[in-house]
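Right, one structure below, let's go through it.
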Amino acid sequence: MINYCEKWDLNPLLLPRHIGIIMDGNGRWAAKRHLPRIAGHRKGVERVQEITELSGNIGITALTLFAFSDENWRRPEDEVGGIMGLLRWYIRKEHKRIVDNNVQFRVIGDRRKLSMDIIELIEELEQDTEKNTGMHLSVALSYGAHGEILRAVKKIVDKVQEGNIFKDDIDACTFESCLDTQGLPPLDMFIRTSGEYRVSNFLLWQLAYAELFFDDVLWPDFDSEKFISLVRQFSLRERRFGMTSEQIAQKIVAHKHY
Ligand code: FPP
C-alpha cells in the first residue's frame, strides 16, 4: 500500500484534521480562455475529484467544499442551471466511488431550495455512506453561515421550550451540535483560491481557530502540488490557542494533543 504522506513528504502528526475550501475563480479561468463560465465549473469539478481523493489518501479527517452559496441563487438562470446539472452529474457518477472509498458524505446548507431530484440523489448518497468510517466529505450547497447559525439558534430555542435543556446549560458544544457540521472535527485550515481575501459567509462559527490561506491560483488550476504545498505550510504554523509558545513547546514534547 502506498504511504501518501511519505510520497508527499508530509508529517502525518502535523496535518490539519478538517480543511474547508472556497473554490473560487472558475468564471475567470473560463473567461481567460474565451470559454463559457460553465466550462470553468466543469474543470472545477475535476479538481474537486482530485483534491478529495488526495485528501483521503493523506489522511485528512474532514474536507468541506463550498460549491454553491445562498447568494449564488442570484446568478443568471443558465449558470445556476449549469452548476445544478454538474452537481447531478457529479453525485451520480461519484456515488459508487464515494461509497467504496469509505467516505462519509453530507451536504450542508439549506437544501430545501434545491430541486427534488437533487435532494433525492443527496439523501441516497448520505444514507449509503452513513456507516462508512473514512473521510468526511461535506459539500456546502445553498449554504450561508448566517443561515446555518440562525437554524442552530432555532433548534436550541425549540429544545429549551420543549424542556430538553436549560437555558443556562447552553454552551459551545450544545451550539455546535446544532450546526450543519455537527460531529465533524474543528476546522483547522481554510483555503480560498483566486486571490480574493474574503470568507464570504462560509463556516463563520467554525473559522474561530482555523489557519487562513489565501492563494492566487484559480480553482480550476488548483492541483495536487498546490494543495500539498499549502498543507505543508499549515504544518509549519504554530497554533497557540491562546497559550504561549513555551506552553505549546512543552505540550509537543509531552506528545499531548490539544
Ligand atoms: C466560484 O467561482 C465557484 C462557484 C460559485 C461554483 C463552484 C462549483 C463547482 C466547482 C462545481 C460543483 C461542485 C461540486 C462539489 C460537484 P466563480 O464562478 O465565482 O468564479 P469567478 O469569481 O472567477 O467568476
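Every number here is computed from the coordinates shown, using simple stated rules; none is lab data. Predicted, not measured: the structure shown is a model, and the values here were computed from it. Cβ sites come from the backbone with ideal geometry, for glycine too, and all protein chains shown count toward neighbours.
Going Cα to Cα from LYS32, which lysines come in below 16 Å? Please leave out same-chain ones fewer than 8 positions away.
Reachable lysines: LYS43.
Would you look at the GNM of the chain, springs on alpha carbons closer than 10 Å, and say which of GLY144, GLY25, GLY195 moves the most?
Most flexible of the set in this elastic network: GLY195.
Are there GluC sites (Glu not before Pro) in region 61-135 that DSSP puts in a loop and that have at most 11 other Cβ atoms within 10 Å, and which ones?
For GluC sites (Glu not before Pro) across region 61-135 that sit outside H, G, I, E and B with at most 11 neighbouring Cβ atoms in 10 Å, the list reads GLU130.
Based on the mean of other Cβ atoms within 10 Å per residue, sort peptides 81-92, 57-68, 153-164 so the most packed one is first.
Highest to lowest by the protection proxy: 57-68, 81-92, 153-164.
Where a Cα-Cα gap under 20 Å defines reach, which lysines qualify for LYS167, not counting those fewer than 8 residues away within the same chain?
Of all the lysines, those that pass the test against LYS167 - Cα under 20 Å, at least 8 places apart if same chain - are LYS154, LYS155, LYS159.
Mean Kyte-Doolittle of at least 0.0 plus a Cα span of 30 Å or more along the axis: flag which DSSP H helices in the chain meet both, please.
Within the chain not a single helix satisfies the rule.
Rounded to the nearest 20 Debye, what is the dipole magnitude of the chain about its Cα centre when Lys and Arg each give +1 and Asp and Glu each give -1 at the C-beta?
360
Have a look at ILE248, GLY40, ALA172 and report the one farthest towards the positive end of the charge dipole of the chain, computed about the Cα centre with Cβ charges (Lys/Arg +1, Asp/Glu -1).
GLY40
Take VAL217, VAL45 and order them by how many other Cβ atoms sit within 10 Å, fewest up front.
Ascending number of Cβ neighbours within 10 Å: VAL217, VAL45.
Length gain on complete extension for the stretch GLN182 to GLN247, per 0.36 nm per residue less the alpha carbon to alpha carbon distance?
Result for the pair: 20.4 nm of gain on full extension.
With a 10 Å cut-off between alpha carbons and a GNM built on the chain, which of ILE119, ILE108, ILE165 moves the most?
Answer for the Gaussian network model of the chain: ILE165.
At 7 Å along Cα-to-Cβ for each site, give me the label-to-label distance between SER115 and LYS96 in nm.
2.5
Near LYS7, which aspartates and glutamates are there with a Cα under 13 Å away, not counting those fewer than 8 places off in the same chain?
GLU225
Between LEU218 and residues 5 or more places away or on another chain, which pairs have amide H atoms under 5 Å apart, with H built 1.01 Å from N, and which residues are they?
Those qualifying (amide H under 5 Å, at least 5 residues apart or on another chain) are SER194.
With springs connecting C-alpha atoms under 10 Å apart, model the chain as a Gaussian network and identify which of LYS32, LYS131, LYS226 has the largest mean-square fluctuation.
With Cα springs under 10 Å in the chain, the top fluctuation among LYS32, LYS131, LYS226 is at LYS32.
Round to the nearest 0.05 the FRET efficiency obtained for SER224 and ASP169 when R0 = 45 Å and r is the Cβ-Cβ distance.
0.50
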